[in-house]
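The structure appears below as structure tokens.
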Number of protein chains: 2
Amino acid sequence: MAEITNIESLESVLEKHIPDEQLKEVKRLLFGKELKYITLISKLELCSAAVELAQKHSFEIKGYVFDAQYEQLRIAREVTVAIVQHSIVLPTTAAIEKQRKAIYEKIGNIVKAVATCNTNIICFQECWILCFDSICFEPAMPFAFCTRENLPWKEFAESAENGPTTAFCIQLAKMYNLVIISPILERDELHGDVIWNTAVVISNTGKVLGKTRKNHIPRVGDFNESTYYMEGNLGHPVFQTEFGKIAVNICYGRHHPQNWMMYGINGAEIVFNPSATVSGLSEPLWPIEARNAAIANSYFTCAINRVGSETFPNEFTSGDGKPAHNTFGHFYGSSYIAAPDGSRSEGLSRVSDGVLIAKIDLNLCRQIKDIWGFRMTQRLDLYAKCLNEVVSPDFKPLLKQ
Amino acid sequence: MAEITNIESLESVLEKHIPDEQLKEVKRLLFGKELKYITLISKLELCSAAVELAQKHSFEIKGYVFDAQYEQLRIAREVTVAIVQHSIVLPTTAAIEKQRKAIYEKIGNIVKAVATCNTNIICFQECWILCFDSICFEPAMPFAFCTRENLPWKEFAESAENGPTTAFCIQLAKMYNLVIISPILERDELHGDVIWNTAVVISNTGKVLGKTRKNHIPRVGDFNESTYYMEGNLGHPVFQTEFGKIAVNICYGRHHPQNWMMYGINGAEIVFNPSATVSGLSEPLWPIEARNAAIANSYFTCAINRVGSETFPNEFTSGDGKPAHNTFGHFYGSSYIAAPDGSRSEGLSRVSDGVLIAKIDLNLCRQIKDIWGFRMTQRLDLYAKCLNEVVSPDFKPLLKQ
């Protein structure tokens, strides 16, 4: 597990070893341009409170500013977004009550820190669920899909509209004037009790704006999610919040450019990508896909990954010929935010809890559309025609020989 | 122009400053995995000749191996590909004959070096055209679209099938048993003398397999290409060569994931992306887009950019409020090859001519399709339906409020 322990983050190594005069240029090449940091220590009073909370409760906090150009007819549309990555707290063998208390405290402190920075929108990681009234094995939902087991894992599934996690988020949303994106495991009682991988979007006034479902379901390595739920059937909804138009592309959907595209076509200005993915499988892909989507679709993307390792009581195999085991692998965190101009924030840690806060001017989306012209030159009519042909059973590839 | 002079390449800075034990991990995070280098100095006799040529004629040469797993029923399908980036040679004020001779020598030496490494397929940069019998201002075609002028630039346009550049490439193809991808400016005499941005694909036996045209045309910064030619009308052809199925996504087409997708759907195993792009405009996007396409489509991508600066006799403006000028900007090279597993080679230099050679096992494409399952989970029927709706004048975005 060299990849877990050697490096806290790519950024930490670069900062330690590369001389200042070249570091600036290296960061331009890697991250697109130099972003302003939100001054967390002293300048912004509210945020110094956040930093104190972070130090006290041992989570990382980073902040960046993504500017746009001045326009005469539109005022700057500044929005502050936060993305959270966190591990489970106590070992899975601890008493449920203790585990529950521990995760309350952790998430409570992170959200409190975020709120002191005047944050408008927050998104948690995939299936982040708090456990309120189900009989559960772990305090925040473990990513249990590797097991292919039913109980106790399916007991985490709850109603998107009326479940305990949504109720908890509604409270938080009202308390802190926060739009909350809450990715859960949804139990759909109206449709035969089926389960979905869902994100609930709650307005800053505490109203459930709606929900969106994971459109593409993995069957790769330990990610046996197709045992639990099917491909989402709600299309690619975009949610009009007080602070801008947002959408949620859940986890494996980030591998599918057409999925990203449809959120853009429906008008999204920020697309959140709550994920759960491990280092051996996807780390080379992680910095590429959400950033490419920001570029291709002229919107902001927020890539959020779990962090830490999760151990399960019963062993399972990975379809790779290796022995059975009890651990999923290392969720490598590294959450980041990318902008339509191709720039991105640095990433959060590969190994610890953290929150990344960004002040975004949403005017950048249309400005970049006007500069690069990707929408104007997209030729969607051509691709509508192409795909109509492709999905026909009689389709023949255009092969010259 | 700090970005031109400070850094030869990202890789050179990392190698110089980061300690060995961490460099390996940094490269894994940046490039996906550690690739084997082709031993250029001593082990492979043919390639030491290439290194000597490179040293003598001052171009960079780098080589990598992309392995695949052993299969029982298919032998390894090893192909060696080469991509070339080069600047013009003499100042544009030199005598035409001298300029011509200089570029002959440069390209001749690069192709000779490539051929000594048993290369199967080579791709030149966008509009790389040699000037044989047209009255031209520069020896290899400058990227003159910033000027919006007609003469002498449009004189570079020539027939894809019977033009002098194709004739030259046919000779090279036969001489070296090389598939050659030759991006040119095409004059289409059969259809009203219009001009296209085209790549000609020539088999290793010297047959013109066909041509493909740039599908997406930029109107951004100095890239006034829509003054010269329209969006390609040949779809997304894939060419069956002796060494595998290849396609060419020309330049600005790399910003459009649907364009990349269609080459994959038509069966491409390697997609070349001959480009011409400058540092102020696109450098943050460069390492992301072709690599994302390799991941999303389970094929290899070869990203090729011009290198150097080109000065034009008459000044032009860039639509950015800045004064008129005679230089396009710095073409930053940085050509690289990406694999379907998300790994990539290091890049060529940002400032000098170079050739990047890769030994590729094409079996990796299907192996990665089988592992990640992106094709199986792509839901093209959903997106065909979506796009049909989107291109309707009555389309309404799916917005929840």
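The values are calculated or read from the model by the stated rules, or taken from the named source; none is laboratory data. Computed from a predicted model, the values in this text were never measured in an experiment. We place every Cβ from the backbone using ideal geometry, glycine too, and count neighbours over all the protein chains shown. The protein model used for the area step is the full one, side chains on, heavy atoms only, and it has no ligands, DNA or RNA in it. Shrake-Rupley method; radii C 1.70, N 1.55, O 1.52, S 1.80 Å.
Think of the protein assembly as shown as having a plus end and a minus end, set by charges on the Cβ of Lys, Arg, Asp and Glu; of A:Val201, B:Ile360, B:Ala276, A:Val201 sits farthest toward the positive end of this dipole. In a simple Cβ point-charge model (Lys, Arg +1; Asp, Glu -1; nothing else charged), the protein assembly as shown has a dipole of about 420 debye relative to its Cα centre.
Modelled this way, with points 7 Å down the Cα-to-C-beta line, the labels at B:Glu161 and A:Ala324 are 6.6 nm from one another.
Could you work out, residue by residue across B:276-287, how many beta carbons of other chains sit within 10 Å of that residue's beta carbon, and then give the average as an integer? It would help to have the intermediate numbers written out before the result.
Details: counts 0, 0, 0, 2, 0, 3, 3, 5, 14, 10, 2, 6.
Counting Cβ atoms of other protein chains within 10 Å of each residue's Cβ and averaging gives 4.
Taking every DSSP beta bridge with both residues inside the protein assembly as shown, roughly what % is antiparallel (nearest 5)? Intermediate results must be reported in sequence, preceding the final value.
Numbers: 78 of 128 bridges.
Restricted to the protein assembly as shown, the bridges split so that about 60 percent are antiparallel.
Other protein chain C-beta atoms within 10 Å of residue C-beta, averaged over B:213-223: 3. The protection proxy used here, the mean number of other Cβ atoms lying within 10 Å of each residue, ranks peptides A:166-172, B:315-321 as follows, highest first: A:166-172, B:315-321.
Over all other residues within a Cβ to Cβ distance under 14 Å of A:Pro183, the charged ones net out to +1, with Lys and Arg as +1 and Asp and Glu as -1. Long hydrophobic helices in chain B, taken as whole DSSP H segments with a C-alpha length of 24 Å or more on their own axis and mean Kyte-Doolittle hydropathy at least -0.5: B:96-116.
Could you work out what % of the accessible surface of the protein assembly as shown is carbon and sulfur, using a 1.4 angstrom probe and leaving DNA, RNA and ligands out of the count? All intermediate terms of the calculation are to be shown ahead of the outcome.
Working: 15680 of 29760 Å².
After summing per-atom areas, the C and S share lands at 53 percent.
Can you tell me the FRET efficiency between B:Glu21 and A:Gln22 if r is taken as the Cβ-Cβ distance and R0 is 25 Å, rounded to the nearest 0.05? The pair B:Glu21/A:Gln22 has a calculated efficiency of 0.75. With both residues required to sit in the range A:50-391, DSSP beta bridges show an antiparallel share near 60%. Spherically averaged projected area of the convex hull of Cα atoms, the protein assembly as shown: 34.1 nm².
Remark: the Cα gyration tensor places the range A:258-364 in the prolate category, a/c being 1.5 or greater and a/b exceeding b/c. Between A:Val391, A:Val194, A:Val79, the residue with the greatest mean-square fluctuation in the GNM of chain A (Cα pairs under 10 Å linked by springs) is A:Val391.
Compute the Cα gyration tensor for chain A, then decide on rounded, prolate or oblate, letting a ≥ b ≥ c be the square roots of its eigenvalues: rounded whenever a/c is under 1.5, prolate when a/b is larger than b/c in the other cases, and oblate in all that remain. Taking the square roots of the gyration eigenvalues as a ≥ b ≥ c, chain A is rounded. Using a 1.4 angstrom probe on protein heavy atoms only, the contact between A and B buries about 7700 square angstrom of accessible area, both sides summed.
Over the protein assembly as shown, DSSP H runs of length four or greater, each weighted -39,500 (n - 2.57), average out per residue to a 222 nm ellipticity of -8500 deg cm²/dmol. Report the number of Lys pairs in the range A:327-401 whose alpha-carbons are under 27 Å apart, with separation of 8 or more residues or on distinct chains. Summing the qualifying lysine pairs gives 4.
By the rule of a C-alpha distance below 16 Å, with chain neighbours fewer than 8 residues away ignored, the aspartates and glutamates paired with B:Lys62 are B:Glu8, B:Glu11, B:Glu15, B:Glu34, B:Glu45, B:Glu52, B:Glu346, B:Asp353.
Amide H contacts for B:Gly63 (H built 1.01 Å from N in the peptide plane; partners 5 or more residues away or on another chain; cut-off under 5 Å): B:Ile38, B:Ile357. Ordering B:56-68, B:267-279, A:295-307, A:13-25 by mean Cβ neighbour count within 10 Å, with the highest value first, yields A:295-307, B:267-279, B:56-68, A:13-25.
Note down the magnitude of the dipole of the range A:50-391 about its Cα centre, charges +1 on Lys and Arg C-beta and -1 on Asp and Glu C-beta and zero elsewhere, to the nearest 20 debye.
On the way: 31 positive and 35 negative charges, 116 e Å.
Dipole size: approximately 560 debye.
Suppose R0 equals 25 Å; then what is the FRET efficiency for A:Gln240 and B:Asn388 from their Cβ-Cβ distance, rounded to the nearest 0.05? Working shown, then result.
Numbers: r = 25 Å, r/R0 = 0.99.
So, using R0 = 25 Å, E works out to roughly 0.50.
What does the accessible area per residue of chain A come to in Å², with a 1.4 Å probe and no ligands, DNA or RNA counted? Show your work: numbers first, answer last.
On the way: 14880 Å² over 401 residues.
Using a 1.4 Å probe on heavy atoms only, each residue of chain A averages 37 Å².
For the range B:149-305, the number of Lys pairs with C-alpha atoms closer than 23 Å, counting only pairs eight or more positions apart or on separate chains, is 8.
Taking amide H as placed 1.01 Å from N in the peptide plane, the amide H of A:Phe272 sits under 5 Å from that of A:Ala247, A:Val248, A:Asn249, A:Cys302, each at least 5 places away or on another chain. Rounded to the nearest Hz, the phi-derived 3J(HN,Hα) couplings of the range B:301-314 under the Karplus curve 6.51 cos²θ - 1.76 cosθ + 1.60 (θ = phi - 60°) are 10, 10, 9, 10, 10, 4, 9, x, 10, 10, 10, 10, x, 10, where x marks glycine and proline.
At a Förster radius of 60 Å, what calculated FRET efficiency corresponds to the Cβ-Cβ distance of B:Ser12 and A:Lys396, to the nearest 0.05? Display every interim value, and only then the final one.
On the way: r = 47 Å, r/R0 = 0.78.
Here the calculated transfer efficiency is 0.80.
The mean count of C-beta atoms from other chains within 10 Å of the C-beta of residues in A:336-342, rounded to a whole number, is 2.
Each Lys or Arg adds one and each Asp or Glu subtracts one; over the other residues with Cβ under 10 Å from the Cβ of B:Phe239, this totals +3. Charged neighbours of A:Leu364, selected by a Cβ distance under 11 Å, balance to -4 (K, R count +1; D, E count -1).
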